[in-house]
Amino acid sequence: MKPLGELDSRPARFVLFDLDDTLTSGGRLTAEAYAAVESLQRGGKKVVAVTGRPAGWCDHIARMWPVDAVIGENGAFYFWFADGKLGKRFVEDPQTRARQRARLTAVAQSILAQVPGAAIASDQPYRETDLAIDYREDVAPLPLETAERIAALMREAGLTAKVSSIHVNGWFGTYDKLDTARRLFAERFGVDLEAANRNVVYAGDSPNDAPMFGFFRNSVGVANVRRFPGLQPKYVTEGEAGAGFAELAAHLLRKP
């Protein structure tokens, strides 16, 4: 990973970023980090939040935050707010989502019976498509090895599973953050993401960001990305979490 100072900020037109432990710090959104998001949008960048957090949160983020769109539940949908109205684009239809939610309940019960100390994430009631198992947000922190075991149990049940910095998320389907970013760029921005790769900066911190780190030439990890061995964003900040994101925003807006 190269230091952030080596990132050429001149081509950057789009900034995509994870939320937990990338924008937030210790579970809180600081004024510094929120102001960094707003400064990017005011500076002419298209700004997109990309998160494993639920539809209920993403409704609020799309409406209230200085963002152009939000991708939620690890790629299950994207939301945007324009002309005073909230727009929603789901990968799967309502009937499919309803059937899958019922199946996820049984998977959750099985996992909790096998993994002491884990719990259903507190934001689960606001989710449309996935199951979130908490391994270090509102429960006593469990080791990364336990999170990987939860992910393995999800995969045995036929789910796609990803580990974040706080939850293990599982869903039926093969989409991920990158798949839905491609869809969003084509449908909302009229941009081919492959062709515009050099114009995009992506910031993240955990394993569910791996597809984004691998795809984007200008992928950035906030410093706490080092907690997860094997993750290789192209650049890394000096600061952790929200402070690292603010550092990135300042770098992107710095005059040549």
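The values are calculated or read from the model by the stated rules, or taken from the named source; none is laboratory data. Because the structure is predicted, anything quoted here is derived from the model rather than measured. Note: ideal-geometry Cβ built from the backbone for every residue, glycine included; neighbour counts use all protein chains shown. What goes into the accessible areas is simple: the full protein's heavy atoms, side chains included, and nothing from ligands, DNA or RNA. Shrake-Rupley method; radii C 1.70, N 1.55, O 1.52, S 1.80 Å.
Key figures for this structure:
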| quantity | calculated |
| --- | --- |
| Two-decimal ratio, segment 96-153, of alpha-carbon radius of gyration to 2.2 N^0.38 Å | 1.11 |
| Helix-only mean residue ellipticity at 222 nm for the chain, each DSSP H run of n ≥ 4 adding -39500 (n - 2.57), per residue, nearest 500 | -10000 deg cm²/dmol |
| Three-way shape label, segment 123-256, alpha-carbon gyration tensor, a/c 1.5 | oblate |
| ³J(HN,Hα) computed for each position of segment 129-145 - Karplus, 6.51 cos²θ - 1.76 cosθ + 1.60, integer Hz, glycine/proline x | 10, 10, 10, 10, 9, 7, 10, 6, 8, 10, 10, 4, x, 9, x, 4, 4 |
| Under 14 Å, Cβ to Cβ, from F81 - net charge with Lys/Arg +1 and Asp/Glu -1 | +3 |
| Karplus-derived HN-Hα couplings along segment 89-106 (A = 6.51, B = -1.76, C = 1.60, θ = phi - 60°), whole Hz, x at Gly and Pro | 10, 8, 5, 10, 7, x, 5, 5, 4, 5, 4, 5, 4, 5, 5, 5, 4, 5 |
| Solvent-accessible area per residue for segment 167-212 (1.4 angstrom probe, square angstrom) | 31 |
| Backbone N under 19 Å from the F228 label point (7 Å along Cα→Cβ), restricted to segment 14-52 | 16-28, 48-52 |
| Length added when fully stretched, R63-L29, from 0.36 nm per residue minus Cα-Cα | 10.6 nm |
| 10 Å binning of all Cα-Cα separations within the chain, expressed as whole percents from 0 upward | 7, 33, 37, 19, 4, 0 |
| For segment 22-100, size of Cβ-based charge dipole, Lys and Arg +1, Asp and Glu -1, in debye | 40 |
| Gap separating the Cα centres of segment 106-123 and segment 17-82, nearest whole Å | 27 |
| Listed residue (A82, A246, S219) projecting farthest to the positive dipole end of the chain, Cβ model | A82 |
| Extension reserve of the R254-E6 stretch, reckoned as 0.36 nm per residue once the Cα distance is removed | 88.0 nm |
| Under-5 Å amide H pairs with A203, H placed in peptide plane, nonlocal only | L16, F17, D18, V220 |
| Extension reserve of the A186-L144 stretch, reckoned as 0.36 nm per residue once the Cα distance is removed | 11.6 nm |
| Environment charge at A49 (Cβ cut-off 10 Å; Lys +1, Arg +1, Asp -1, Glu -1) | -1 |
| Of K2/K177; K46/K85; K46/K162; K88/K177, those spanning more than 21 Å from alpha-carbon to alpha-carbon | K2/K177; K46/K162 |
| Local electrostatic count at V220 - Lys and Arg +1, Asp and Glu -1, tallied over other residues with Cβ under 12 Å | -3 |
